Every structure is written in C-alpha cells, then in structure tokens.
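Okay, so here's the structure we're looking at.
Since every read-out is calculated from the coordinates, none of them should be taken as a lab result. None of the values given here were measured: they were computed from a predicted structure.
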Amino acid sequence: MDTSETQASYRVMKTHDFNDCLFYRIACDCTDTNHDVEVEVEFDKNGILWVFLTGQLTVADWWNHYGFFGTIWKRITLVLKLLFTGWFEMNGEFLLLDEKHIDSIINFLHEIKDRNAKRKNK
Ligand SMILES: [Zn+2]
C-alpha cells in the first residue's frame, strides 16, 4: 500500500519533507496544543531509521494524588535527579478519541514504511 501521496490527515500534519527527513505534528485529541507531539523521522544512508519525539511533559497532579506540596516535592526531586544524573523519566498523556485520528496515525506509519522501502530499493 503506497500512502506516500496522502495529503490531508485528521490531526496528523506533515510539516516538512526533505526527502530523507520527514517532520510531523500529531495533535492530542483534547485540543490543547501543548500536548501535541512533534515527530522527526530520519532515513540515514546506512539504512537506519531514526525517530525523534518531542513533546511537552508536565509535572502535574491531575487526580490530586500528591497534593500541592507533594507536587512541588516531585518537581524538586526531578530537577535534582536531572542535575546529578543527567537524565530523568517522565510520562505524558496523549488522547486518541476518534477512529479517524487512529487511522491518520496508521497512515502516517504507512508513509514512513513506504518511504523507507523506496530508499532501500534505490
Ligand atoms: Zn491533550
């Protein structure tokens, strides 16, 4: 299935196409653009497919598990971990509420697969 000519997609936008490097913005279904994920897909000359994900993660207490001071403490420990180890783990939420959105992500993955296959067959 060659979906490389797919133009419009529901909440998945191709923002740049440099032949060996594609950029997408995948919107969260909650409509808060701060939750969107930027995806960079890079096809390198060694046949390696690199995927870079960029998004805004938040130390938040959506369900009030930690309370105000608990949330502040989580932020402090996270910063200290980053300071002394150079890394930290976080998770974020991303909503998929509509089947069209899921189909758009599937089409996005097909496009990457098709583009990768074309590069390997050159
Ligand atoms: Zn969201």
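Data table
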| read-out | value |
| --- | --- |
| Alpha carbon centroid spacing (whole Å) that separates the range 13-62 from the range 66-102 | 18 Å |
| Vicinal HN-Hα couplings computed from phi for the range 81-89 (Karplus, 6.51 cos²θ - 1.76 cosθ + 1.60; Hz; Gly/Pro x) | 4, 4, 4, 9, 10, x, 8, 7, 10 |
| Helix 99-120 vs. the chain, principal-axis angle (Cα, 0 to 90°, nearest 10) | 60 degrees |
| Highest-MSF residue in the chain out of K14, K100, K45 [GNM, Cα springs under 10 Å] | K45 |
| Estimated translational D of the chain in µm²/s (Stokes, Kirkwood radius over Cα pairs; 37 °C; 0.692 mPa s) | 196 µm²/s |
| The chain: most fluctuating residue of I48, I76, I105 per GNM, C-alpha cutoff 10 Å | I76 |
| Links that overshoot a 29 Å alpha carbon limit, given the list K14/K81; K45/K100; K14/K45 | K14/K81; K45/K100 |
